[in-house]
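What follows is a set of notes on a single structure, which appears directly below.
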Amino acid sequence: MHLTNLFKIALRAINTNKLRSFLTMLGIIIGVAAVIAMIAIGEGSKQSIQSNIASMGSNMISIHPGADRRAGGVRQDASAMETLKLKDYELLKAEAKFIKAISPTVSSSGQCIFGNNNTPSSMYGVSIGYLDIRQLKVEEGDMFTEEDIRTSAKVCVIGKTVADNLFTKGEDPVGRVIRFKSIPFRVVGVLKSKGYNTFGMDQDNLILAPYTTVMKRIMAITYLNNISVSALTEEHTEQAIEELTTLLRQSHKLREGIDEDNFNIHSQKEMMEMMNSTADVMTTLLLCVACISLIVGGIGIMNIMYVSVTERTKEIGLRMSVGARGIDILAQFLIEAILLSITGGIIGVVVGCLISNAVESIAQWPVSIQPWSIMLSFAVCTFTGIFFGWYPAKKAANLDPIEALRYE
Amino acid sequence: MKKTVIELQNVKRDFVVGEEVVHALRGVSFKIHEGEFVTIMGTSGSGKSTLLNQLGCLDTPTSGEYLLDGIPVRKMKRRERAVLRNRKIGFVFQNYNLLAKTTAVENVELPLMYNSSVSARERRERAIKALEAVGLGNRLMHLSNQMSGGQMQRVAIARALVNDPAVILADEATGNLDTRTSFEILVLFQELFAQGRTIIFVTHNPEIAQYSSRNIVLRDGLVKEDVQNTNILSAAEALAALPPIEE
Ligand SMILES: Nc1ncnc2c1ncn2[C@@H]1O[C@H](COP(=O)(O)OP(=O)(O)O)[C@@H](O)[C@H]1O
Ligand SMILES: [Mg+2]
């Protein structure tokens, strides 16, 4: 085969009809650019969700009061939300073997005041283990102590946002007294900043205080909002959940096989999987749209190739008369179609990358251009070229040279 | 005795049109030897084009046999005939059939593009030589649409020469040209004849027969006349005798 010659012939045909070639490619360009950009955006948000969840602690487990509501089911009355007690926490802390740290959590939102400044924030009543579970670090000062918890001391550790909003004159927050819901708290430490998460939430707008203090002095409750736990390692998550369930059922005196759990336990891993599957559904949907535009692009190529074959009937007749075989003509038009679709693909990849970058810098969305999506686009383009170029090329190859030469 | 380039043995070609059968060729036999300049004449519908398509291996006989350079063509496959055309035949058409927006040299290269045994360099060299042979050595890079009818036909003749064919087939090659240019092209054909090329020239113009070495006349798909021309006129002299172009 004189494939190089056929390449030259096809290239020349594309070159002599630049505008039309470009218009033919346009469908492919748009299709490929859409695929690349969609995948980049989809993967980008997935990765950012993952890294966010990992930064929250991939071995984290949360225990919430009330039966599992994800399955639907009946609405539960308010008392169902008060099933987690301090004694549950103490039991789990003493008995559970697969956990590294555990903390009760009670939370309350309210206004926070220092001098003339005030800012809305949330106070979390927790134990010292909470820092480890949430991967928080105290940057200035110290965490409150076990002694503070025992005595329900009015001390707190504040997040960066709270510190910035309250201490606007550059004062050192440590040692100062702020008011949360009118109750004075002495600041003993400031947390290291974690920034915003994927969902746009400020992770630095929080105040940590001993859970005893928050339960007694702020909320006046005897139950817990939830219990946060970290498993020994990510691999121990399943075992830890099982153990926690057994211990809690004992503590709540639930009868085997009769009573349902009146609490529910989720791991961060589950959360991550849920988020991922949501992101995957989105990506798949976007990808479908993109694929449809690729097919439309392919049909565009087929359409133009048909017109081109008809228009060049005489040329095909001439080529045959000087010795082009059917297969030479077939190859010529097929190569032309493939070159068009691959060139369109290359331009599409470039445009797709540009769009992805534009989305990243203008809309501030996380994007991640995937090498595999580029490979996929090329594979699809080649296939599109062959598939949609085949019939026009076959039509050209089957022309009768005498008829073709006579064509006007 | 000169080598036989073309031999037709009772060649018939029928076309089935609906219920009817059209006998375009009813049994044509003749031999053409190397170095002959044959004109084929006949009225419209007499079967000239059908015969030329047979000779050019674009079509195969319904019955009878056609030997090109000793090779039987009738049972050949489409693919094999394409290769045969590529190596043994040079076509010259009435309407030139050049590739649009393409340079003269690339047009002439075309047949060699389908011959993998010719390298790109050799292809270019042979195309340039062919163009020089038709007097267009200074027009190599001119585009087909920048040339006059006579120049385009010269390019087409160069294209027919470039594969060094056994026979050159011309179908009304001067049909689209004015008298002067027609004679210029005829001069070129006579030069090729003088170099020993085998030429078959289909025409309806009886005048042209005077410049060839042999004349075959068709009528209703049969050879009516087949005469050698002992007194070949010189196209160059005829050209010189034409009245000068008015300024
Ligand atoms: N493809 C074809 N199908 C049917 N009839 C044809 C075909 N080609 C030629 N003919 C018929 O064959 C006869 C000879 O035609 P042709 O060889 O073109 O004559 P010429 O070139 O001498 O004018 C005509 O009657 C024409 O109608
Ligand atoms: Mg005719």
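The values are calculated or read from the model by the stated rules, or taken from the named source; none is laboratory data. No experiment lies behind these values; they were computed from the predicted model shown. So basically every Cβ, Gly included, is an ideal-geometry build from the backbone, and we count neighbours across all protein chains shown.
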Checklist entry - Quick one: would you say B:Ile208 is within 16 Å of B:Ala235 (Cβ to Cβ), within 16 Å of ligand 1 (Cβ to nearest atom) and more than 14 Å from chain A (Cβ to nearest Cβ)? => result yes
Item to check | Checking B:Val167 against (1) closer than 22 Å to B:Arg180 by Cβ; (2) modelled with pLDDT of 95 or more; (3) of a type outside the set (Ser, Thr, Tyr), the condition it does not meet | outcome: (1)
Checklist outcome for this item: Expected single match for within 16 Å of ligand 1 (Cβ to nearest atom) and either in contact with a helix residue (DSSP H, G or I) (Cβ under 6 Å, 6 or more places away or on another chain) or among the small types (Gly, Ala, Ser) (or both) among B:Ala194, B:Ala160, B:Ala166, B:Ala170 is B:Ala170
Next on the checklist: So if I check each of B:Lys88, B:Lys31, B:Lys77, which one is out of contact with any helix residue (DSSP H, G or I) (no Cβ under 9 Å at 6 or more places or on another chain), among the basic types (Lys, Arg), closer than 30 Å to B:Asn231 by Cβ and away from ligand 2 (no atom under 16 Å from the Cβ)?
Outcome noted: B:Lys31
Checklist outcome for this item: Picking from A:Thr151, A:Thr105, the residue that is out of contact with any Phe, Trp or Tyr (no Cβ under 9 Å at 6 or more places or on another chain) and among the hydroxyl-bearing types (Ser, Thr, Tyr) would be A:Thr151
Item to check | Residues satisfying the stated conditions in the range A:305-326, i.e. under 47 Å from the mean Cα position of the chain (by Cα) and buried (at least 24 other Cβ atoms within 10 Å of the Cβ) | outcome: A:Met305
Next on the checklist: Quick check on B:Thr60: is it within 16 Å of ligand 1 (Cβ to nearest atom) and free of Cβ contacts under 8 Å to residues at least 40 places away in the same chain?
Outcome noted: yes
Checklist outcome for this item: Exactly one of A:Leu285, A:Leu294 is out of contact with any helix residue (DSSP H, G or I) (no Cβ under 7 Å at 6 or more places or on another chain), away from every other protein chain (no Cβ under 14 Å), over 22 Å from B:Glu109 (Cα atoms) and part of a helix (DSSP H, G or I), and that one is A:Leu285
Item to check | Residue ID - farthest from the other protein chains (Cβ to nearest Cβ), chosen from residues in the range A:304-321 that are among the hydrophobic types (A, V, I, L, M, F, W, C) and touching a Phe, Trp or Tyr at 6+ places or on another chain (Cβ under 7 Å) | outcome: A:Met305
Checklist entry - Restricted to the range B:151-167, and to residues that are among the hydrophobic types (A, V, I, L, M, F, W, C) and in contact with a Lys or Arg (Cβ under 6 Å, 6 or more places away or on another chain), which residue is nearest to the other protein chains (Cβ to nearest Cβ)? => result B:Val162
Next on the checklist: Just to check your reading of the model, which residue among B:Val83, B:Val28 is within 14 Å of chain A (Cβ to nearest Cβ), more than 9 Å from ligand 1 (Cβ to nearest atom) and over 26 Å from B:Val187 (Cα atoms)?
Outcome noted: B:Val83
Item to check | Lone unmet requirement of (1) more than 11 Å from chain A (Cβ to nearest Cβ); (2) modelled with pLDDT under 95 for B:Asn95 | outcome: (1)
Checklist entry - Any chance the range A:342-351 includes a residue that's buried (at least 21 other Cβ atoms within 10 Å of the Cβ) and in contact with a Leu (Cβ under 7 Å, 6 or more places away or on another chain)? => result no
Item to check | Selection status of B:Val108, buried (at least 24 other Cβ atoms within 10 Å of the Cβ), within 13 Å of chain A (Cβ to nearest Cβ), within 17 Å of the chain's Cα centre (by Cα) and not aromatic (Phe, Trp, Tyr) | outcome: yes
Next on the checklist: Here is a check on your reading of the model: is B:Ser49 among the polar types (S, T, N, Q), away from chain A (no Cβ under 14 Å) and within 16 Å of ligand 2 (Cβ to nearest atom)?
Outcome noted: no
Next on the checklist: Based on this model, can you work out whether A:Thr4 counts as part of a helix (DSSP H, G or I) and within 14 Å of chain B (Cβ to nearest Cβ)?
Outcome noted: yes
Next on the checklist: Can you tell me which of (1) touching a helix residue (DSSP H, G or I) at 6+ places or on another chain (Cβ under 9 Å); (2) within 13 Å of ligand 2 (Cβ to nearest atom) is the one B:Ser44 doesn't meet?
Outcome noted: (1)
Checklist outcome for this item: Filtering the range B:144-191 down to residues that are within 24 Å of B:Lys101 (Cα to Cα) and of a type in the set (S, T, N, Q) yields B:Ser144, B:Asn145, B:Gln146, B:Ser148, B:Gln151, B:Gln153, B:Asn163, B:Thr174, B:Asn176, B:Thr181
Checklist entry - Conditions: (1) of a type in the set (D, E, K, R); (2) touching a residue at least 40 places away in the same chain (Cβ under 8 Å); (3) in the same structural domain as A:Glu43 (by TED's automatic domain parsing). A:Glu311 meets all but one. Number of the miss? => result (2)
Checklist entry - Filtering the range B:115-125 down to residues that are part of a helix (DSSP H, G or I) and surrounded by fewer than 20 Cβ atoms within 10 Å (Cβ to Cβ), which residue is farthest from the other protein chains (Cβ to nearest Cβ)? => result B:Glu125
Checklist entry - Among the numbered criteria (1) modelled with pLDDT under 95; (2) within 14 Å of chain A (Cβ to nearest Cβ); (3) over 30 Å from B:Arg154 (Cα atoms), which single criterion is violated by B:Arg13? => result (1)
Checklist entry - Can you name every residue in the range A:278-304 that is of a type in the set (S, T, N, Q), farther than 18 Å from A:Gly385 by Cβ and free of Cβ contacts under 8 Å to residues at least 60 places away in the same chain? => result A:Thr278, A:Thr284
Next on the checklist: Considering only residues that are more than 10 Å from A:Val126 (Cβ to Cβ) and of a type in the set (Gly, Ala, Ser), which ones fall in the range A:93-110?
Outcome noted: A:Ala94, A:Ala96, A:Ala101, A:Ser108, A:Ser109, A:Gly110
Checklist entry - For B:Gly70, are the conditions met, namely being at pLDDT below 95, at positive phi and within 11 Å of ligand 1 (Cβ to nearest atom)? => result no
